[in-house]
1. Shape call for segment 3-91 from the C-alpha gyration tensor, a ≥ b ≥ c root eigenvalues: rounded (a/c under 1.5), prolate (a/b greater than b/c) or oblate?
2. Could you order peptides 70-81, 4-15 by the average number of other Cβ atoms within 10 Å of their residues, highest first?
Amino acid sequence: MALITCPECSGKVASTAISCPHCGAPVAGKRSTQIEGANALILLGSCVAGLFLGLVLSGLAGEDNLNLKVALGFAGLIAPPAAALYWSSRRQ
């Protein structure tokens, strides 16, 4: 853990702190960057899972019902990234 200087009050703050303990100003430290990076990986992974799920669900509808194939494929494509965005916004 390194000490950095607060941009507002010039006090010493831990690099992992979210805000300055002296003045309360937000501090852009290492912690927020790691959370944003994790969210990006989660969103990317959920998009890949959504593509796979969309293909699998659209294949379950059979050959006769094109509307059901499109609806299931769309739901499978959208659901995982939407869930990941919701989960990552609740984490912070």
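1. It is prolate, given that a/c is not under 1.5 and a/b is the larger ratio.
2. Packing proxy ranking, top to bottom: 70-81, 4-15.
Every number here is computed from the coordinates shown, using simple stated rules; none is lab data. Please read all numbers here as calculations on a predicted model, not as lab measurements. Counting neighbours? That spans all protein chains shown, and the Cβs are built from the backbone with ideal geometry, glycine included.
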